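Worksheet for the structure shown next.
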């Protein structure tokens, strides 16, 4: 018995010492499924004569289309109408991503091979027909295939055209496409709702830096926006001013970014002349001149500095940058970081 007590005490002593040195792992409680919401399946159908979809049915009929079915959205219960619309009656909104002929041709070939047009476009009724905020390539493919009509999901809320971008996660836009679509959306809203504030449209725009990058991409389609994204994400916030005023400010920031990028491009050219051959030369120069690079980032904390201050400091750093300070190891480090982020 005494030996057993001693052994127990010894194990307890070792366990106590180990406990002091052991890192405590914090765990977060996993949330369960959300509470049930939306209509039951048997409650979803809506008669085409129901007053909730009467205006939608009327707009479809006026355009020469046919209302096929109506139902309640499974999330919020909003009335939706499935319709067949004449292809001539529906146009893509002006602010969505530019048409890629290659993608449209590939899509038309795929539809022809499958033999079925399966993906309805979203349609918003207007005074002279319908607009689609997410169907530019499907409409182009339909025209190439000679379709007389397309299937559309008609929505009653015209503002859905400005809120649909965050839903595009399965076929995500690249940075240029997303930024261009957001800035075009902002310019359209500035005309329709000039008194609304930029921050009121935060959900539609997703992130403030898309607006700033969008102004730069408008001026220079081949602008290397990804090099500046990590910095802008930390300092760019939605503005409290009206949309027209906010856009004027962002136009100025966009021009300052382009001025900075011109100097960065000159440094990249010098590095290439020095014998450096790497796709990460621009990233190295931008990282060296990033004014918030070494400032700790805390979740939920306000930006470490204003946009104006950050762009001013970055411009000064770019002017003072010495290409001779770059070493091969710098390129390897940036390449490794870029690989991890990708």
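Every number here is computed from the coordinates shown, using simple stated rules; none is lab data. What you see is a predicted model, and the numbers here were worked out from it, not measured in a lab. Glycine gets a Cβ as well: all are built from the backbone with ideal geometry, and neighbour counts include every protein chain shown.
Its residue count N fixes a reference of 2.2 N^0.38 Å for region 69-174, and the Cα radius of gyration divided by that reference is 1.06. Binning the C-alpha pair distances of region 200-342 at 5 Å intervals from 0 yields a P(r) profile of 2, 9, 19, 21, 20, 15, 8, 4, 2, 0 %, listed from the shortest bin outward. Here r is the Cβ-Cβ distance between residue 110 and residue 237 and R0 is 41 Å; the resulting FRET efficiency, rounded to 0.05, is 0.50. Averaging the sequence gap over all C-alpha pairs within less than 8 Å and six or more residues apart, then dividing by the number of residues, gives region 173-342 a relative contact order of 23 percent. Maximal additional length on extending the residue 177-residue 309 stretch stands at 44.8 nm, based on 0.36 nm per residue less the C-alpha distance. Packing around the peptides 66-73, 191-198, 278-285, taken as the average count of other Cβ atoms within 10 Å per residue, puts them in this order, highest first: 278-285, 66-73, 191-198.
From Cα pairs below 8 angstrom and at least 6 apart in sequence, can you work out the relative contact order of the chain, rounded to a whole percent? This gives 11 percent for the chain. The slack in the chain from residue 147 to residue 197, taken as 0.36 nm per residue of separation less the alpha-carbon distance, amounts to 13.9 nm.
Here each label is just a point 7 Å from Cα along the line to Cβ, and for residue 248 and residue 159 those points are 2.6 nm apart.
Against the chain, whose longest principal axis comes from its Cα atoms, helix 226-235 is set at around 80 degrees.
Taking the longest Cα principal axis of the chain as reference, the axis of helix 208-219 is set at about 70 degrees. On the beta carbon distance between residue 266 and residue 118, with R0 = 41 Å, the FRET formula returns roughly 0.25.
Modelled label positions at residue 273 and residue 66, each set 7 Å beyond Cα in the direction of Cβ, lie 6.9 nm from each other. Averaging the sequence gap over all C-alpha pairs within less than 8 Å and six or more residues apart, then dividing by the number of residues, gives region 42-167 a relative contact order of 28 percent. Quick one: pull the percentage of alpha-carbon pairs in the chain with a separation above 26 Å. Of the Cα pairs, 64 percent sit more than 26 Å apart. Potential lengthening of the chain between residue 301 and residue 188 amounts to 37.5 nm, from the contour at 0.36 nm per residue minus the alpha-carbon distance. Taking the number of Cβ atoms within 10 Å of each Cβ as an exposure proxy, the fewest-first ranking of 325, 317 is 325, 317.
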